[in-house]
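To start, the structure itself, in structure tokens.
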Amino acid sequence: GVGETRLALPTAASPAAGGVPAPRPAEVDPTVELELARRYADESDRHGQQTELLAQRPALLPGWSPVARSVTVYAGCAAVGAILMMIMVLASGVGLVDGFTLGAWICAGLPALSFFAGYLVLGRWGRPAMVAGTPPRYVHLGFLICFAAVPVAYVAFLLLFRVMR
């Protein structure tokens, strides 16, 4: 018909181009092939299970429990907040920061920044790649650590300077 194309089988251009057919493979024992297939399937399953176990571990401190990881992250962020607090106290002694601003940052600003930094770090690197639901971030514990550590560090800093005088 019109517009109809016909498919043709490929033909050899010359008798020499047709060539000799490929040699037949040696006869294979089906039981050996089944045993190899079973071994490969078992090895594949083992590797799949190992991959799933690795995907259920977070990138940040993978061998630690979720509580220990959260406490460490929040304490680290509170330590950074305490260092910033010490810098602000030194800046206050020079006259760059007034007392009200220093008090506001010590009581609310730096603890809040420390808490949210820890919360974001746990959300980004403390979460496994493959997990059902959301992993615990221990918000109450983090809030307690951050909002207690910075003011306690301030008091310890003041006591240290009183003793050194």
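The values are calculated or read from the model by the stated rules, or taken from the named source; none is laboratory data. Model, not experiment: these values are computed from the prediction. Cβ placement follows ideal geometry from the backbone for every residue including glycine, while neighbour counts extend to all protein chains displayed.
Every listed requirement among (1) in contact with a Leu (Cβ under 9 Å, 6 or more places away or on another chain); (2) modelled with pLDDT under 90; (3) not polar (S, T, N, Q) is met by CYS77 save one, (2).
For region 95-131, a residue qualifies if it is on the phi < 0 side of the Ramachandran plot, more than 15 Å from the chain's Cα centre (by Cα) and part of a loop (DSSP other than H, G, I, E, B), and the qualifying residues are LEU96, VAL97, ASP98.
Quick one: which of ARG69, ARG162 is modelled with pLDDT of 90 or more and assigned to a helix (DSSP H, G or I)?
Going through ARG69, ARG162 in turn, the sole match is ARG69.
For first residues located in region 35-54 and closer than 28 Å to ARG127 by Cα, partners that are of a type outside the set (S, T, N, Q) and lie 6+ apart or on another chain with Cβ distances below 8 Å form the pairs GLU52/MET130.
Going by the structure shown, is LEU60 closer than 17 Å to VAL131 by Cα and in contact with a helix residue (DSSP H, G or I) (Cβ under 7 Å, 6 or more places away or on another chain)? Considered against the rule, which asks whether it is closer than 17 Å to VAL131 by Cα and in contact with a helix residue (DSSP H, G or I) (Cβ under 7 Å, 6 or more places away or on another chain), LEU60 comes out as yes. Taking TYR154, is it crowded, with 17+ Cβ neighbours inside 10 Å, within 15 Å of the chain's Cα centre (by Cα) and touching a residue at least 12 places away in the same chain (Cβ under 8 Å)? Criteria not met by TYR154.
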